[in-house]
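Here's the structure, in structure tokens; my notes come after.
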Amino acid sequence: MSDDDNGAQPVRKAERLQHELLVAYRTVDGFITDFAVNISRGGLFINTRNPLSVGSIVRLIVSLPDAAFPFDLTGRVIRVHAPEAGSDLIPGMGIEFVDVDDDKKARLAKFVEKLRAALPDDPPLKK
């Protein structure tokens, strides 16, 4: 289920890659640590049973495996999958990065390209 105003899903601007990545973000209760389950140059999806509202601005602390230190990003919640019994959707929230400087854009792009190169093009066939 989406909390978008018009019910339409946002159009993705960049291909997403399935990859778990540790992220921390601020809520009214303090900082929460969860896993992003996919990432692109333009955003990520955080697996959480307590997503923020669509339109919320969130400060993220992202730990990339090839970076010595985590770095911070600002994002906006653009879609929400509320936890629902019987649903196949992973509960959580889609975050679009906003106001990303050139250095962080380059680091994200490098990480995504490196990850894309490491992943096989097609899933292995089951025999």
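Bear in mind that the values in this text are calculations on the coordinates, not laboratory data. As the structure is a prediction and not an experimental result, all values here were calculated from the model. As a convention, Cβ positions derive from the backbone with ideal geometry for all residues, glycine included, and neighbour counts pool all protein chains shown.
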Original post:
Using Cα pairs under 8 angstrom and six or more residues apart, how large is the relative contact order of segment 17-118, in percent?
Top reply: 26 percent
**OP:** Going by C-beta contacts inside 10 Å, put L64, L22, L108, L44 in order with the fewest on the left.
**Re:** L22, L64, L108, L44
**OP:** Divide, for segment 74-115, the radius of gyration over alpha carbons by 2.2 N^0.38 Å, where N is the residue count.
**Re:** 1.57
